[in-house]
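So the structure is just underneath, and the comments pick up after that.
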Amino acid sequence: MRIAIGSDHAGFELKQELRTYIEGLGHTVLDVGAHAERPGDDYPDYADALGTALRAGQVDRGVLVCGSGVGVSVAANKMPGVRAAVCHDAYSAHQGVEHDDMNVLVIGARIIAIELAKELVERFLGASFSGEERHVRRLAKVKAIEARFAKG
C-alpha cells in the first residue's frame, strides 16, 4: 500500500520513527514533511500536503502526527474526501476504517508512546472497509453532507 506521512515540529520525531516502521511493514511511504524539526512550522501545511496527495491518488492512506493530533485532524478534515480521525487506542484505529472508511490516521505525539503508535499504525493499515449495508449507508450520508457544504 502507498502511505503518505506528515507532521509538524511537535510530531517530527514520532513521524520519523513511524516512517521507518511503515516501510518495514512493506509499504511505500511518501513523506510530505516536515523534513526538519522547526518550531515555527504549522500543522495545516502538512495536513494540506497529505490530503492533496491522497485526493490526487498518489497514496492510498495517510498518517498525520502533531502534538495532540487535534489540530492536524481538524485541518485535514476540511478537504473533501479526507476522513481523518485522532486515534489513541487500537480499537478505534481499525474500527474507523472498517465502519467509517477512515483514510487518515492521526496521532498525538505528546499523548502516546512509540510502541502504541506502532500498534495503531499496524491496525489502521491492516483494516479494510467492511462494505456492510449499514456502513455504506452511513458513509453515503457523510459524503452527502460534505457535498452539500462543498457547493456553498
Q: Test residue 93 against the stated conditions and say whether it is over 15 Å from the mean Cα position of the chain (by Cα), assigned to a helix (DSSP H, G or I) and of a type in the set (Gly, Ala, Ser).
A: no
Q: Go through segment 114-143 residue by residue and tally those that are within 26 Å of residue 28 (Cβ to Cβ), part of a loop (DSSP other than H, G, I, E, B) and either among the acidic types (Asp, Glu) or without any contact (Cβ under 8 Å) to a residue 24 or more places away in the chain (or both).
A: 1
(Q) Scan segment 135-143 and tell me whether some residue there is exposed (fewer than 15 other Cβ atoms within 10 Å of the Cβ), at negative phi and touching a helix residue (DSSP H, G or I) at 6+ places or on another chain (Cβ under 6 Å). (A) no
Q. For residue 99, all conditions in the list (1) closer than 22 Å to residue 24 by Cα; (2) crowded, with 16+ Cβ neighbours inside 10 Å; (3) out of contact with any strand residue (DSSP E or B) (no Cβ under 8 Å at 6 or more places or on another chain) hold save one; what is the number of the exception?
A. (1)
Q: Being aromatic (Phe, Trp, Tyr) and modelled with pLDDT of 95 or more is the filter; apply it to segment 103-152 and report the residue that is nearest to the chain's Cα centre (by Cα).
A: 124
**Q.** Residue satisfying condition, being surrounded by fewer than 17 Cβ atoms within 10 Å (Cβ to Cβ), at pLDDT 95 or above and in a loop (DSSP other than H, G, I, E, B), within set 81, 40
**A.** 81
Q: Provide a single number: the residues in segment 43-78 that are of a type in the set (Val, Ile, Thr) and either assigned to a helix (DSSP H, G or I) or without any contact (Cβ under 8 Å) to a residue 12 or more places away in the chain (or both).
A: 4
Q. Restricting segment 10-28 to residues that are in contact (Cβ under 8 Å) with a residue 12 or more places away in the chain, over 14 Å from residue 115 (Cα atoms) and not hydroxyl-bearing (Ser, Thr, Tyr), which is surrounded by the fewest Cβ atoms within 10 Å (Cβ to Cβ)?
A. 25
Q: Name the single residue, out of those in segment 47-72 being within 13 Å of residue 109 (Cα to Cα) and small (Gly, Ala, Ser), that is surrounded by the most Cβ atoms within 10 Å (Cβ to Cβ).
A: 69
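The values are calculated or read from the model by the stated rules, or taken from the named source; none is laboratory data. In this text, all values refer to a predicted model and were calculated from it rather than measured experimentally. No Cβ is skipped: glycine too gets one built from the backbone with ideal geometry, and neighbour counts run over all protein chains shown.
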